[in-house]
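Heads up: the structure comes next, in structure tokens.
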Amino acid sequence: MALLTSAPRGTQDVIPAQSRKWQYIEQTALEVGRLFGFSEIRFPTFEHTELFNRSVGDTTDVVQKEMYTFNDKGGRSITLRPEGTAGVMRAVLQNGLLNDGIPLKVSYLTSCFRYEKPQAGRLREFHQFGVEMVGSANAAADAQVIGVAKAIFDKLGIKDLRLELNSIGCPECRAKYHAALKDYFTAHIDELCETCRGRLDKNPMRILDCKSPVCAEIAKGAPVVLDYICDDCRTHFETLKGNLDATGISYQVNPTIVRGLDYYTRTVFEFVATGIGAQGTVCGGGRYDGLIELLGGASTPSVGFAMGLERLLLVMEQQGCAFPDAKPCMLYIGSMGEPASRKAAELCTALREEGFYVDCDTVGRSIKAQMKYADKLHAKFSCIIGDNELAEGSVKIKRMDSGESETVFLDPNDLTRYIYGETLSDLNEFTDGTMGSVLRY
Ligand code: HAM
């Protein structure tokens, strides 16, 4: 029975009390993205497995250990997306989005699936907000993408995130670096885990982000890629640093960041938080100049990032960041008897068309129970309609905080006038000062 009432390990419900926070984060991220010209793209939850094998890379932990892969009923190998970039680039190519001019700037909110060991900030189903800028090799593009992430954190009031930056070079410099890594790790071959021994020939860089503690310890002494990058890659890196300096974005060069996905070239970066445990990387990204070509498109340099929304929320809660208050129910219309109940529903419909959050009884409860419910909703005003009110065509409407009341016509216009009039006196409580947005939803 427990299987029916407990969700699979590593998944999480977002209950109504929390969803307001999620909506706030998601809307803020999308809106900040929009200010930089990024428009939302949506794409499937699952793709052909081959897409991820190719783009994320078949020697990565993600592909080797973490993907949710299965055969569908037609015998095709399908994978739940472990990340967003591969699917977005597939969609960009399939829909010919690059014909509309470059750079193409897209943003997305997605769920991702990785079979990892769950812990605080690490789930098997998690959510990302990401942006991808497709079609510019220029370091100004990298700086702008990093600027989007920074602007989102600022807008959400998040402080003290450390931006760590590195360059992992291009395929040419990578070859020299791989040779150096191979030499280094060959000397430790007996200590490496089985997966990493297999990586030694194919992709020694992947040993650097193996999660096995022994491999991680050995990796600490490995050569760093920044010592091997070519002049062009170094110039690109220096230009990016200059661009970030110019926009006042501070960073630390961390030569050990290589990222866990194979498609990266040149710039890689992470925003790291302290105080939410071992999984402190809130956002990761970088440049992936070879990915579109790898998928069959024309060579198109690109750069992007994704931030983990669960981790973002953990940081915001830990730092005590403000979330907008839930807007209360404006008016609860109680009723006694069938005709009154119908009138309540009719008035609610009219008031909702005006943009007010209003509610009425749908359970058939006593007036006492209905008013208890109105309290629970933190309704600002309430009224009770019975046979007398219907006969007289008017009702007593009450402020729930002070108990003051006034008689108004049983008519949406008069109810609206009352709500506006009463709330006018409260307006100084609101900061944005505009009547419509204060009262309407
Ligand atoms: P990633 O570093 O694998 O990059 O993931 C990005 C972010 O997703 C991480 O920094 C973290 O906040 C969050 N995340 C990753 N795994 C988990 C997990 N198991 N549980 C909770 N949160 C997690 C990518 O996915 C790239 N596609 C980013 C990118 C976009 N690069 C270029 N464009």
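Can you work out the accessible area per residue across the chain, with the rest of the protein chains kept in place, probe 1.4 Å, in square angstrom?
48
Can you compute the helix-only [θ] at 222 nm over the chain? Use -39500 (n - 2.57) per DSSP H run of at least 4 residues, normalise by all residues, nearest 500 deg cm²/dmol.
-11500 deg cm²/dmol
So for the chain, considering every pair of alpha-carbon atoms, how many percent are separated by more than 37 Å?
Result for the distance tail: 41 percent.
Stretch Gln319-Val14 to full length: gain in nm at 0.36 nm per residue minus the Cα-Cα span?
107.8 nm
Find the centroid of the Cα atoms in the range 44-60 and in the range 286-320, then give the distance between the two in whole Å.
Distance between centres, Cα-based: 15 Å.
Which of these, Ala350, Ala246, Ala326, has the largest mean-square fluctuation under a Gaussian network model of the chain (Cα springs below 10 Å)?
Maximum fluctuation in the GNM of the chain, among the listed residues, is at Ala350.
Of the lysine pairs in the range 134-264, how many meet both conditions: Cα atoms under 26 Å apart, and a spacing of 8 or more in sequence or different chains?
Lysine pairs meeting both conditions in the range 134-264 amount to 15.
Please give the FRET efficiency for Glu406 paired with Arg34, using the beta carbon to beta carbon distance and R0 = 51 Å, rounded to the nearest 0.05.
Efficiency computed from Cβ-Cβ geometry: 0.75.
Using θ = phi - 60° and the Karplus form 6.51 cos²θ - 1.76 cosθ + 1.60, what ³J(HN,Hα) does each residue of the range 248-262 get, whole Hz, x for Gly and Pro?
With coefficients 6.51, -1.76 and 1.60, one gets x, 9, 8, 8, 10, 6, 10, x, 8, 6, 10, 6, x, 10, 6 Hz.
Binning every alpha carbon pair distance of the range 171-259 at 10 Å from zero, what are the percents per bin?
16, 43, 25, 14, 2
Over the chain, what percent of the accessible surface lies on carbon and sulfur atoms, probe 1.4 Å?
Answer for the chain: carbon and sulfur cover 51 percent of the accessible area.
Ranked highest first by average number of other Cβ atoms within 10 Å, how do 61-73, 253-265, 299-311 line up?
Packing order, densest peptide first, comes out as 299-311, 253-265, 61-73.
Would you list, by chain and number, the lysines whose Cα falls below 23 Å from the Cα of Lys343, excluding same-chain residues fewer than 8 positions away?
Qualifying lysines at Cα under 23 Å: Lys368, Lys372, Lys376, Lys380, Lys396, Lys398.
The values are calculated or read from the model by the stated rules, or taken from the named source; none is laboratory data. Note that this is a predicted model, so its numbers are computed, not measured. With ideal geometry, Cβ positions are generated from the backbone for all residues, glycine too; neighbour counts draw on all protein chains shown. The area values use the complete protein model at the heavy-atom level, side chains included, leaving out ligands, DNA and RNA. Shrake-Rupley method; radii C 1.70, N 1.55, O 1.52, S 1.80 Å.
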